[in-house]
Amino acid sequence: MLYKALIRPVMYRLSAGDPEDAHHWLMNRLAWISHYPALLKTIEVANAYNSHGLARDVFGVHFPNPVGLAGGFDKNGIALPALAAMGFGFIEAGTVTRYAQPGNERPRIFRFSENDALINRMGFPNDGADAVAQRLSRLPRPSIPIGWSIGKSKVTPQEEAIEDYLYSLHKLHDFSNFFTVNVSSPNTPGLRKLQDKEPLDRLLHAVVQETQSIAAEKGTTPKPVLVKIAPDLTQEQIDDVIEVCLARGIRGIIATNTTLSREGLTRSTSEAGGLSGRPLHTRSLEIVRYLCLALEGKIPVIGVGGIFGPDDARRMFDAGASLIQIYTSFIYEGPGIVKQLNKSLDAK
């Protein structure tokens, strides 16, 4: 209540010209807090909901609860300890690319508060795999699983995309519990073409093979590789993704990324980018349900898209999701949404 009544209005006023200003303001403070255990404990006491009944093991990783933070919130891994203290069961960080890149021109985030929605065309702004890995080597490790989303640099030609993904995989390997291969962002030119059957097969084969080679060298278990898909895929394209994932040993599918559709917005807009939030929920739920029925439990599915309350979360789990992620609701509702979701799931 305090967040929506006081904190959010102030942040909105301070970032009226560009919503991204509010995000950077928040992330800088969370990054500072991440270095102080006493402050982290204070946040945890206020926000976390702990229950053994929420814990689960999925694709070989233990999750203290099934509510995660979706990729894109902490792109550079600067505030993972503080975000973990807010009660999440896991965090997907990134997306990180091989080369540092500024992303698309600002402004590139647009609020549609009346629909609990956002449009973004960020374009993977990040410090690059080398800088992120160096930073992570100096920061304390969060106590929850961290997955790193990896993507293709904008400057990298399509035919060299695999090398880009493998480079980031190597750099972030020791800091990750799992990897997400992001081929579904609409904001990097040509990226979604990597979801087509043949290029996806080549990419996933190379990434999984690399995790196996690294594990053999280190004498460890290969890190699970997940794939994040777009909500705009046709059923035939989803079937192709399923076929490739089963053939290449993919351990999980995240459904879904942002959409190019503008269905559900009550205000017309010409802004380009991916839509997230409440308008995405119906389509994401539909894809999660289809995936879970088609996969028959062979690969777990993480449901993400428009989860704003217990009913939304329950629908995702009833559709067959093993875990869920939130993003836009975390922005609009504040950290209290994490406790609310976990508490409701524990009561079932």
- Task: Give the label of the value calculated from the structure for mean projected area of the Cα convex hull in nm², choosing from (1) 16.3; (2) 18.8; (3) 17.5.
- Result: (1)
- Can you flag which of K193/K298; K154/K218; K4/K343; K197/K218 are past 22 Å Cα-Cα? K193/K298; K154/K218; K197/K218
- Query: Could you give the length gained on full extension between D346 and L260, defined as 0.36 nm per residue of separation minus the Cα-Cα distance, in nm?
  - Reply: 27.5 nm
- Tell me, what is the 1.4 Å probe accessible area of T42, in Å² to the nearest 10? 90 Å²
- Mind checking which aspartates and glutamates have their C-alpha under 12 Å from K339, skipping anything on the same chain fewer than 8 residues away? E44
- Note on the structure: Comparing A255, A31, A294 in a Gaussian network model of the chain (Cα, 10 Å), the one with the largest mean-square fluctuation is A294
- Which part of region 7-36 falls in the paramagnetic zone of L139, meaning amide N under 20 Å from the point 7 Å along Cα-to-beta-carbon? 20-36
- Between the DSSP loop rule and a limit of at most 10 other Cβ atoms within 10 Å, which trypsin sites (Lys or Arg not before Pro) in region 234-296 are left? R267
- The answer for region 184-237, accessible area per residue at 1.4 Å probe in Å², is 46 Å²
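With a/c under 1.5 counting as rounded, go ahead and sort region 1-42 into rounded, prolate or oblate using the C-alpha gyration tensor (a ≥ b ≥ c being the square roots of the eigenvalues; past the cut-off, prolate if a/b is larger than b/c, else oblate).
Oblate, since a/c reaches 1.5 and b/c is not below a/b.
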- Search the structure for amide H atoms under 5 Å from the amide H of S34, placed 1.01 Å from N in the peptide plane, and list their residues when 5 or more places away or on another chain. A82
- Message: Which residue, T266, I287, Q235, has the largest displacement toward the positive end of the dipole of region 179-287 when charges sit on each Cβ (Lys, Arg +1; Asp, Glu -1)?
- Response: T266
- Message: If the only charges are +1 at each Lys and Arg Cβ and -1 at each Asp and Glu Cβ, what is the size of the charge dipole of the chain around the Cα centre, to the nearest 20 debye?
- Response: 880 debye
- Message: Contact order normalised by length for the chain, with contacts defined as Cα pairs under 8 Å and 6 or more residues apart; what percent is it?
- Response: 17 percent
- Task: Would you be so kind as to identify which of P157, V61, L2 lies farthest towards the positive end of the dipole of the chain, taking Lys and Arg as +1 and Asp and Glu as -1 on Cβ and the Cα centre as origin?
- Result: L2
- Query: Longest exposed-loop-site-free stretch of the chain, with GluC sites (Glu not before Pro), DSSP loop and at most 15 other Cβ within 10 Å?
  - Reply: 106-262
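The values are calculated or read from the model by the stated rules, or taken from the named source; none is laboratory data. As the structure is a prediction and not an experimental result, all values here were calculated from the model. All Cβ positions, even for glycine, are placed from backbone atoms using ideal geometry, and neighbour counts span all protein chains on display. Surface areas here come from the heavy atoms of the whole protein model, side chains and all, with no ligands, DNA or RNA. Shrake-Rupley method; radii C 1.70, N 1.55, O 1.52, S 1.80 Å.
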